[in-house]
Amino acid sequence: MYRLVFAQFKQLGGGTGTSLPPSATNEIFGIEWVKAAFEVRSPAARDIITYWIALALAAGTPLLVYLVLRSRYGLALFAIRDSEPTAESAGIDGFRTKLGVYVLVAAVTGMIGALIYLQKARISPDAAFSVLDWSAYVIFIVIIGGVGTIEGPIIGVIVFYALQRYLADFGTWYLILLGALAIVTMLFAPRGIWGYVAQRYHVVLFPVRRMLVWPHERK
């Protein structure tokens, strides 16, 4: 729906999209310093800046999720997940809590999307609202890695990147192989690769679960 709506605006380039203005691509904060330090032109300097920003987002996003889930706010989210009526009876505002996490995720997602199109210097409705790139691939990554974990999507990204790098030349068979792998994973490892590893070897890199410990057990 959004793809069709934005394709109607001629100011945005219609269905073919539009290139970003030079003020957005060549006047990034710090670009002049990068150009002078590495003796490169504006496009190369922009790639350097977007690379390091992307690396910071890739490292900071799991950390942000971990800190949120380990906070009182994260405890409220777990309570809502288990039973929203029970959580509200304990004083948790379900609407405000869910709205807060929605805004947080939307902000981080918006930054990542803006960075992608800043690096490409062009945006179109088909690319911005691609079902394959923004829905199918993301779902595949989470299913393969492990739903409900921080480590799972990281593992899923690594697997997806490896498959994309070595199997993309197979054309249509590449998408068939991705679908087959997702089906096999759901059948034999419903919790994903990381879920299987964590359950079998009791390995947890980001412990977000809480356990109630009675005073006599601490002794």
| message | Under 6 Å between Cβ atoms, which residue pairs at least 6 apart in sequence (or on different chains) link something in region 147-176 that is of a type in the set (D, E, K, R) with a partner that is open to solvent by 80 Å² or more (accessible area, probe 1.4 Å)? | response | GLU151/LEU205
| request: Just name the residue that is nearest to the chain's Cα centre (by Cα) out of those in region 36-52 that are open to solvent by 50 Å² or more (accessible area, probe 1.4 Å) and over 16 Å from ALA121 (Cα atoms). | output: TRP52
| task | Select, from LEU99, LEU63, LEU115, the only residue that is open to solvent by 40 Å² or more (accessible area, probe 1.4 Å), farther than 29 Å from VAL204 by Cβ and of a type in the set (A, V, I, L, M). | result | LEU99
| said: Every residue in region 1-35 that is exposed (fewer than 11 other Cβ atoms within 10 Å of the Cβ) and either within 25 Å of the chain's Cα centre (by Cα) or in a helix (DSSP H, G or I) (or both), please. | reply: MET1, TYR2, LEU4, VAL5, LYS10, GLN11, PRO22, SER23, PHE29
| said: Can you say whether LEU167 is in contact with a helix residue (DSSP H, G or I) (Cβ under 9 Å, 6 or more places away or on another chain) and open to solvent by 40 Å² or more (accessible area, probe 1.4 Å), as far as the supplied structure shows? | reply: yes
| Unique match (being touching a helix residue (DSSP H, G or I) at 6+ places or on another chain (Cβ under 7 Å), of a type in the set (A, V, I, L, M, F, W, C) and surrounded by 12 or more Cβ atoms within 10 Å (Cβ to Cβ)) among VAL147, VAL197 | VAL147
| request: State all residues of region 1-35 that are closer than 18 Å to ILE123 by Cβ and of a type in the set (Phe, Trp, Tyr); if no residue qualifies, say none. | output: TYR2, PHE6, PHE9
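The values are calculated or read from the model by the stated rules, or taken from the named source; none is laboratory data. Predicted model only: the values in this text are computed from it and were never measured. Using ideal geometry, Cβ is built from the backbone for each residue, glycine included, and neighbour counts are taken over all protein chains shown. These accessible areas exclude ligands, DNA and RNA; they are computed on the full protein's heavy atoms, side chains included. Shrake-Rupley method; radii C 1.70, N 1.55, O 1.52, S 1.80 Å.
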